[in-house]
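The values are calculated or read from the model by the stated rules, or taken from the named source; none is laboratory data. Worth saying up front: this structure is predicted, and the values here are computed from it rather than measured. In this analysis, Cβ positions are derived from the backbone assuming ideal geometry, glycine residues included, and neighbour counts consider all displayed protein chains. For accessibility, only protein heavy atoms count, side chains too; no ligands or nucleic acids. Shrake-Rupley method; radii C 1.70, N 1.55, O 1.52, S 1.80 Å.
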Amino acid sequence: MPSLRADAQPGLTWLDESDSFRAEAIFRQHNGQVARKGTMGFSTDAIHISQEADPATGAIIVPIYQTSTYVQEELGKHKGYEYSRTSNPTRAALEQNLARLEGGQFGFAFASGMAAINAVLTLFKSGDHVVTGRNLYGGTFRLFERVLKNFRFEFTYVDTTRLADIEKAIRENTRLLFLETPTNPIMEITDVAAASDLAHRHGLLVAVDNTFMSPYLQRPLELGADIVIHSTTKYLNGHSDGVGGAVVMNDAAVADRLKFLQNAAGAVLGPMDSWLVLRGVKTLAVRMRQHCENGMAVAQFLARHPKVKLVHYPGLASHPQYELGKKQMRGPGGMLSLETGSLENARRVLNSVRLCSLAESLGGVETLISHPATMTHASVPPEERQRLGITDGLVRISVGIEDVEDLIADLDQALAKI
Ligand SMILES: *Cc1c(COP(=O)(O)O)cnc(C)c1O
């Protein structure tokens with residue numbers, strides 16, 4: 001296998017551009033400016049924001065404050081913590097850290113990505129209307145259709161890559177535009193800045209599920225969105241050892257209400273899980289760079305492979321929204337899908353891989369391979385799946401950070417079984 005760099009197509013130059021973060025920080029130092037936390041590079045922030053040495057012991061790592069309650073010095077006098085549903089020091093450290101990484105003021109950590117999405121939707125009320133994507137994460141679609149509709153929420157699903165379709169769906173009672181970009185598993189990209197502009201002209205809030213990109217590769221608040229949502233289960237944790245969710249925003253009034261809802265409904269992330277995500281985000285930048293590099297190499301290998309009919313990956317110039325991706329993302333990420341042509345072909349590949357693991361989920365260091373039509377998107381009606389491009393022959397890969405030569409060799413021997 002030729003060297004990765006020599007093999008690289010234009011997409012990889014995005015990664016070089018991302019180094020300007022580092023260059024900027026070095027420049028500031030040499031300019032005689034005092035470096036301050038929060039004004040430094042992404043990785044410095046990831047490692048240091050809200051991670052002061054523990055005042056009691058000097059422990060360099062934020063402790064897992066595995067406690068439900070806090071002793072008060074006297075009536076009405078406490079150290080800022082009263083009860084761990086309301087706030088917990090380990091969770092607070094994570095919340096502030098994630099807020100910073102997303103370029104937001106306020107962060108909230110939830111028990112899962114779904115709990116985070118549910119909490120955001122409870123900012124609204126019965127009779128309110130939401131415009132959203134026609135190809136949402138399955139759990140989000142289920143929450144909207146089978147839970148929130150019972151509370152008279154209304155949803156319209158459109159192709160959010162088409163601004164005119166978003167606009168047409170907006171009604172008198174529309175309050176929220178809920179975006180997911182890139183989509184799963186076809187990797188369609190919505191122009192967050194343009195969609196946010198449009199939504200704001202109609203007085204809507206804009207929420208973006210940023211799970212597939214992570215704040216290292218895409219920052220929706222900087223593009224104009226109001227609310228960013230994550231399943232921290234995926235890239236933020238990055239090690240497939242915890243389920244969690246997060247919400248970040250800049251608007252103090254919305255944040256106040258979400259803080260109230262987080263405490264009132266109570267689906268908070270526990271201290272141990274908060275600690276695992278805090279640990280995960282310290283390596284987010286290096287992991288994401290490797291996910292991009294491996295994703296690009298695997299996508300290029302697949303795109304050239306005679307048994308592969310089509311590859312969906314934002315880093316390939318053949319992606320229909322390649323230019324838009326380069327504009328709003330700092331790299332193409334580690335998610336891709338490939339068309340094998342039939343269910344039988346997909347089955348052969350999925351059953352033949354030895355290094356890639358056949359599993360749902362994504363964003364961990366290990367490569368996962370799955371079959372959207374029968375796994376993540378089984379609940380979507382077959383005609384709708386066809387319309388979305390989620391064919392029976394489609395295989396999704398969450399490209400991990402193993403040695404990419406080994407991943408390619410594994411996929412090569414699996415594709416040979418077709
Ligand atoms: C996994 C995922 C969710 C749901 O998160 P959980 O942590 O599993 O509850 C939401 N959105 C996207 C895009 C996801 O990939």
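Looking at region 333-372 only, could you name the residues that are part of a helix (DSSP H, G or I), open to solvent by 30 Å² or more (accessible area, probe 1.4 Å) and of a type in the set (A, V, I, L, M, F, W, C)? Break it down stepwise before answering.
Here is the first cut: in region 333-372, the residues part of a helix (DSSP H, G or I) are 343-352.
If we keep only those that are open to solvent by 30 Å² or more (accessible area, probe 1.4 Å) as well, we get 343-345, 347-348, 351.
Once the filter is applied, which keeps residues that are part of a helix (DSSP H, G or I), open to solvent by 30 Å² or more (accessible area, probe 1.4 Å) and of a type in the set (A, V, I, L, M, F, W, C), region 333-372 yields only Leu343.
If you scan region 123-137, which residues turn out to be of a type in the set (Phe, Trp, Tyr) and buried (at least 18 other Cβ atoms within 10 Å of the Cβ)? Step through it out loud before you land on a result.
Of the residues in region 123-137, the ones of a type in the set (Phe, Trp, Tyr) are 124, 137.
The answer is Tyr137, and nothing else.
Looking for something open to solvent by less than 30 Å² (accessible area, probe 1.4 Å), in a helix (DSSP H, G or I) and away from the ligand (no atom under 16 Å from the Cβ) - is there at least one such residue anywhere in region 220-235?
Within region 220-235, one or more residues are open to solvent by less than 30 Å² (accessible area, probe 1.4 Å), in a helix (DSSP H, G or I) and away from the ligand (no atom under 16 Å from the Cβ).
Just for region 138-153: of the residues that are buried (at least 17 other Cβ atoms within 10 Å of the Cβ) and out of contact with any Phe, Trp or Tyr (no Cβ under 9 Å at 6 or more places or on another chain), which one is modelled with the highest pLDDT? Working first, answer last.
Quick first cut of region 138-153, residues buried (at least 17 other Cβ atoms within 10 Å of the Cβ) only: 138, 140-141, 143-144, 148, 153.
The next check asks that each one be out of contact with any Phe, Trp or Tyr (no Cβ under 9 Å at 6 or more places or on another chain); those that pass are 138, 143.
Numbers: Gly138: 92, Leu143: 97.
Ranking the candidates gives Leu143 first.
Given the structure, is Ser318 within 16 Å of the ligand (Cβ to nearest atom), outside any strand (DSSP E or B), surrounded by fewer than 15 Cβ atoms within 10 Å (Cβ to Cβ) and on the phi < 0 side of the Ramachandran plot?
Values: within 16 Å of the ligand (Cβ to nearest atom): no; outside any strand (DSSP E or B): yes; surrounded by fewer than 15 Cβ atoms within 10 Å (Cβ to Cβ): yes; on the phi < 0 side of the Ramachandran plot: yes.
The answer is no for Ser318.
Can you pull out every residue in region 385-409 that is out of contact with any helix residue (DSSP H, G or I) (no Cβ under 9 Å at 6 or more places or on another chain) and assigned to a strand (DSSP E or B)?
Hit for region 385-409 is Arg396, nothing else.
Search region 101-118 for residues being among the small types (Gly, Ala, Ser) and more than 12 Å from the ligand (Cβ to nearest atom), and hand back the single one that is nearest to Pro89 (Cα to Cα). Give the derivation first.
First, pick out the residues of region 101-118 that are among the small types (Gly, Ala, Ser): 103-104, 107, 109, 111-113, 115-116.
Next cut, more than 12 Å from the ligand (Cβ to nearest atom) only: 103-104, 107.
Working: Gly103: 21, Gly104: 19, Gly107: 13 Å.
Filtering region 101-118 for residues that are among the small types (Gly, Ala, Ser) and more than 12 Å from the ligand (Cβ to nearest atom), the one nearest to Pro89 (Cα to Cα) comes out as Gly107.
Contact list please: Cβ distance under 6 Å, first residue in region 242-260 and free of Cβ contacts under 8 Å to residues at least 40 places away in the same chain, second residue open to solvent by less than 80 Å² (accessible area, probe 1.4 Å) and within 16 Å of the ligand (Cβ to nearest atom), pairs at least six apart or on different chains.
Partner pairs satisfying both residue conditions: Gly242/Asp273; Gly242/Leu276.
Condition first: away from the ligand (no atom under 16 Å from the Cβ) and open to solvent by less than 20 Å² (accessible area, probe 1.4 Å). Can you find one or more residues in region 373-390 that meet it? Explain how you work it out, then say what you get.
First, pick out the residues of region 373-390 that are away from the ligand (no atom under 16 Å from the Cβ): 373-374, 381-387, 389.
Adding the requirement that they be open to solvent by less than 20 Å² (accessible area, probe 1.4 Å) leaves 373.
Yes, region 373-390 contains a residue that is away from the ligand (no atom under 16 Å from the Cβ) and open to solvent by less than 20 Å² (accessible area, probe 1.4 Å).
Keeping to region 243-258, report how many residues are buried (at least 20 other Cβ atoms within 10 Å of the Cβ) and of a type outside the set (Val, Ile, Thr).
6
Taking the condition closer than 27 Å to Asp410 by Cα and open to solvent by 10 Å² or more (accessible area, probe 1.4 Å), does Arg279 pass?
Taking the combined requirement at face value, the residue does not satisfy it.
Taking the condition of being free of Cβ contacts under 8 Å to residues at least 60 places away in the same chain and either within 14 Å of Val254 (Cα to Cα) or within 16 Å of the ligand (Cβ to nearest atom) (or both), how many residues in region 126-135 meet it? Explain how you work it out, then say what you get.
Quick first cut of region 126-135, residues free of Cβ contacts under 8 Å to residues at least 60 places away in the same chain only: 126-130, 132-133.
Going one step further and asking which of them are either within 14 Å of Val254 (Cα to Cα) or within 16 Å of the ligand (Cβ to nearest atom) (or both), we end up with 130, 132-133.
Looking only at that region, the number is 3.
If Lys149 passes every condition in (1) touching a residue at least 40 places away in the same chain (Cβ under 8 Å); (2) in a helix (DSSP H, G or I) but one, which one does it miss?
Exception for Lys149: condition (1).
Name the single residue that is farthest from Gly389 (Cα to Cα) among those in region 183-219 being part of a loop (DSSP other than H, G, I, E, B), under 12 Å from the mean Cα position of the chain (by Cα) and more than 11 Å from the ligand (Cβ to nearest atom). Lay out the reasoning, then the answer.
Taking region 183-219 and keeping what is part of a loop (DSSP other than H, G, I, E, B), we get 183-191, 202-204, 210-213, 218-219.
Filter once more, keeping what is under 12 Å from the mean Cα position of the chain (by Cα): 183-184, 210-213, 218-219.
Still in the list and also more than 11 Å from the ligand (Cβ to nearest atom): 218-219.
On the way: Gln218: 24, Arg219: 27 Å.
Of everything passing the filter in region 183-219, Arg219 is farthest from Gly389 (Cα to Cα).
Restricting to region 154-182, give me the number of residues that are within 16 Å of the ligand (Cβ to nearest atom), open to solvent by 60 Å² or more (accessible area, probe 1.4 Å) and within 18 Å of Ile227 (Cα to Cα).
Number of matching residues: 0.
Let me spell it out: the conditions are (1) buried (at least 24 other Cβ atoms within 10 Å of the Cβ); (2) among the hydroxyl-bearing types (Ser, Thr, Tyr); (3) assigned to a loop (DSSP other than H, G, I, E, B), and Ser240 meets all of them except one. Which number is the exception?
All conditions pass for Ser240, except number (1).
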